[in-house]
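Beneath this line is the structure, given in structure tokens, with notes to follow.
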Amino acid sequence: MINLITIDGSGRKVARPVTQREDYLAQRNAPENVRNFQAARGGDKKAKARQVQYNYNDLLPDGVLKGCHHAASTFAHDIDCQSAEEQERIKQVLLGKKEEIGLLELSGSANYGLHAVCRRERGKTILENQVRLSMLTETEMDTSTHDEQRILYTGPATPDNLFYLDDAIFEEELSPEEAAEEFERLRERERQGQEEVPPGAKKANKHYRPWKAPLSSPERAPHSAPHSAPERAPLSSPEGDTNASSADTNASSADTNAIEAPSGAVGGASGAVRRAPVTDRTRFIAQGVMKEKGLLESDFLDEGGRHTSVKMFLSGATQLLTQEETNGILAELMPDHWRDQNIRQLVSDFYQNYTNPSQRLLRYQENLFTQSRRLYGYDSEDGHIAASDAIVSPSGDDGGASGAVGGASGDDGGAPALPKRLPKLIELLTSKTPDVYQPAVSHAVFPALATHLCGVRFPYTDNVEHEATLMNCLMASTGAGKGCIDEPIRHIMADIKRRDDENAQREAEWKKDCQRKGANKDRMVRPEGLVIQIIDPDMTKPALVTRMDEAEGHFVYVKLNELDLFEQLKGQTGKQHFQLMCLAFDPGAEYGQTRVGIQSVTARPVCRFNWNACTTILKGRRFFSRVLTDGPISRINFCTIPEMEIGAEQPVYGQYDAAFDEALRPYIENLTKARGLIVCKQADTLARKLQKECAEFARLSQNEVYWNLSHRACVIAWLKACVLYVANGCKWEKTIDDFARWSLEYDLWCKMEFFGDDIAKANMETEPRTKRGPRNLLELLPDVFTIADARRVRQQQGLSNERGKCENMISTWKNRRYVVQMTDDSFKKESHTDKNR
């Protein structure tokens, strides 16, 4: 059923049925609708709202959209796509299963999405039918587009936009009376909680994947049983998408739930079994423990193995979860049995007799602890996760970056994973890149992007104005594929190279004229406007100074296939190239030389120098070995490529074609035309938050290397956010925030991984520590500890106790209310900072 939606004189949306194919095509192919569609595809949001509108979900026999209540035999399904390539892929999937899904129409939308109209299964709601379609085709769905009043803004019915149209769409199987009765039956089905959909489908999610969540049956529907488990994501797949929103944290009561226990149950003097609502953090920990123990959800429902499964789970979870949190997890895993006498006794015994808060955590427990805090934020004083820091899942659909900066490592101890939702520019630049190379490319493109800025300044949180001084070094093993950054950078720099070639030709002609005239006083003076930004790595210092001086406020840029090509600029001191790296990062720093000779170069321009370089890990560590504590490392953004398994398939790139260049062009133009002081309040807020989180972790880990590296790492991440902000037309997006946070975390991980031990050794002038990276010292101490305990822990972690450093650390903890002093020599952890819970 198709209804054309228009607006009458009173402002109401009214409907007119479309029953002929010719009328439908004519309405969609009207010149005005074609123009609006093209403008909307170009980014004009107002033009999108001016497209022709249709409703496919209701008969609308009264001709009024508002309050419609006649369920049609058809339903509309809106599918978001990230690109034309993804649209083509999903289109083929839908067309290949058109009989199974009852497809009647398939069209493209202005943002390269897809609009599908299908025959609705009788007796099932629109949401149930949308979930069924999504599961059959394994395509993402928007869970908020299932109401009868839903309209679709529709583009032209041209062959490149109308992919399929069945004439059956113009025939309605239900009479108005039957449609009204169907509407009431479906509303009652919703009210009674009888819809056969996964619980996550009832929550707002634009990128929901129901095929990765278990179906709930009517008997297990949330409204059908007083003690049914709250809606949740599956616990048995830590890597999978949980499809929960941050609202899941509040799905249950915010307070700990007290459930009356059966006769004889344990649980305190009150006879009640207490459980805490399951949060994203506790769910993440439970998933990790189950993975480590090899447990599945079905193991907790097996009559013969339930007790043993709970025992295995408790052996890994009690060090990380409180008893109430464990009860909440078990209530989800086994809603009918978690309050059984033997289960309650087992849980109580584990916490009372076998759990030692001072016991050292196992490696996987340490990873789960740091990852849960990094992904889902630190608990607030009342013991609950702050909503602003909640993240859907370790690799869930929300795709956000970490909620807090901390240990800076991935789930397996490797580099942090790239966010699934990327800023539009980064998404474009990585669209042709195999997945394994995308994190490296995401970092490496920034020096080239920033080189397009001229005279643009950004005020940092300390009120110091910075230009976009960005330097990147890709360190990876031999044969890892470091050339992955070449093509994106080449296309970014294409416009600058064209202008450089013209100016290089002018310079060459001038040199020829000078050679012809020798010392003749009539020879031409050096031409003005010789702005050449892309320089040759084989360049003397005077030549580099000349390029900077003639750049007219632009950056000069070089891409080095091998890092040691910098050696050509090392000068007489042997460290000139390192000094250049430091000066390039520092705001307003000058670089040049003064000479007496008439023909010599005398200039001191501001050092605006961005670069990319590649090297192997061993050569990179050797290159920086003499300047570990001199500053270059902290000023450079590092990235890497993970090692692939022996015999792995060769990664395949996409084609960097004219369409890629055309999509890139608006971002480059935005960067090129920007001028002056640009203030981005969102970036400023982000920088302050990142600084605070780094400081929090540094205080708890007492790791000086991490603390020192974090200062400039925050500046680098903030500058990247500012560059993306300008490239996006000075419009902020949540994806920029997430990407900048991930960028900081990834950068710090690389620096600690490649140089952490060496810097610590250089600082302490001792052998490198046995442990790499920061540790939370407060976590390593018992709940009540003495100064001697703190000194011992510091010594074990390779930290000095000289000059009262241990006492100063405890004093800081006291001021921050991490600990309270019990006696002159003993202290107790505050409850909200007990890191073993």
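Using the Cβ-Cβ distance between Asp462 and Asn561 with R0 set to 35 Å, the FRET efficiency works out to roughly 0.45. For Thr685 and Asn815, the FRET efficiency from 1/(1 + (r/R0)^6), where r spans their Cβ atoms and R0 equals 30 Å, is about 0.75.
Projecting each Cα onto the charge dipole of the stretch 55-184 (Lys/Arg +1, Asp/Glu -1 at the beta carbon, about the Cα centre), which of Ala76, Thr154, Ile90 comes out farthest on the positive side? Value: Ile90. For the stretch 48-110, taking Cα atoms only, Rg and Dmax work out to 14.4, 41 Å respectively. Using a cut-off of 12 Å between beta-carbons, work out the net charge of the residues near Lys293 (Lys and Arg +1, Asp and Glu -1, Lys293 not included). Counting the neighbours of Lys293, the net charge comes to 0. Accessible area per residue was computed with a 1.4 Å probe on protein heavy atoms; Leu296 scores about 90 Å². Given a cut-off of 24 Å, name the pairs among Lys212/Lys424; Lys97/Lys212; Lys497/Lys673; Lys202/Lys424 whose C-alpha atoms lie farther apart than that in the structure shown. Listed pairs above 24 Å: Lys212/Lys424; Lys202/Lys424.
Sort Asp549, Asp737 by heavy-atom solvent-accessible area, probe 1.4 angstrom, most to least. Could the numbers behind the result be given before it?
Values: Asp549 90, Asp737 35 Å².
Of Asp549, Asp737, the descending order of accessible area is Asp549, Asp737.
The residues of the stretch 88-198 have, on average, 42 Å² of accessible surface per residue, using a 1.4 Å probe with all protein chains present.
Available extension along the chain between Lys66 and Ala26 is 11.8 nm, counting 0.36 nm per residue and deducting the alpha carbon span.
Assuming 0.36 nm per residue, please report the length gained on full extension of the stretch Leu677 to Thr823 beyond their Cα-Cα distance.
Values: separation 146, 0.36 × 146 = 52.56 nm, distance 5.45 nm.
Separation in residues times 0.36 nm, less the Cα-Cα distance, equals 47.1 nm.
Projecting label points 7 angstrom from Cα along Cα→Cβ for Lys734 and Asp549 puts them 5.2 nm apart.
How large is the dipole of the stretch 87-153 about the Cα centre if only Lys and Arg carry +1 and Asp and Glu carry -1, each at its Cβ, rounded to the nearest 20 debye? Kindly include the intermediate steps, with their values, before the conclusion.
Details: 10 positive and 11 negative charges, 37 e Å.
My answer is approximately 180 debye.
Sequence-ordered 3J(HN,Hα) estimates for the stretch 824-830 from the Karplus curve with 6.51, -1.76 and 1.60 and θ = phi - 60° stand at 4, 10, 10, 9, 10, 5, 5 Hz, glycine and proline given as x. Classify the stretch 43-166: rounded, prolate or oblate, from the alpha-carbon gyration tensor (a ≥ b ≥ c, eigenvalue square roots; a/c under 1.5 rounded; otherwise prolate if a/b is larger than b/c)? Verdict is oblate for the stretch 43-166. Here the dipole of the stretch 323-369 is about 220 debye; that uses its Cα centre as origin and unit charges on the Cβ of Lys and Arg (positive) and Asp and Glu (negative).
The values are calculated or read from the model by the stated rules, or taken from the named source; none is laboratory data. All values reported here derive from a predicted model rather than from experimental measurement. Every residue, glycine among them, receives a Cβ derived from its backbone with ideal geometry; neighbour counts consider all protein chains shown. Accessible surface is based on the protein model in full, side chains and every heavy atom, while ligands, DNA and RNA are left aside. Shrake-Rupley method; radii C 1.70, N 1.55, O 1.52, S 1.80 Å.
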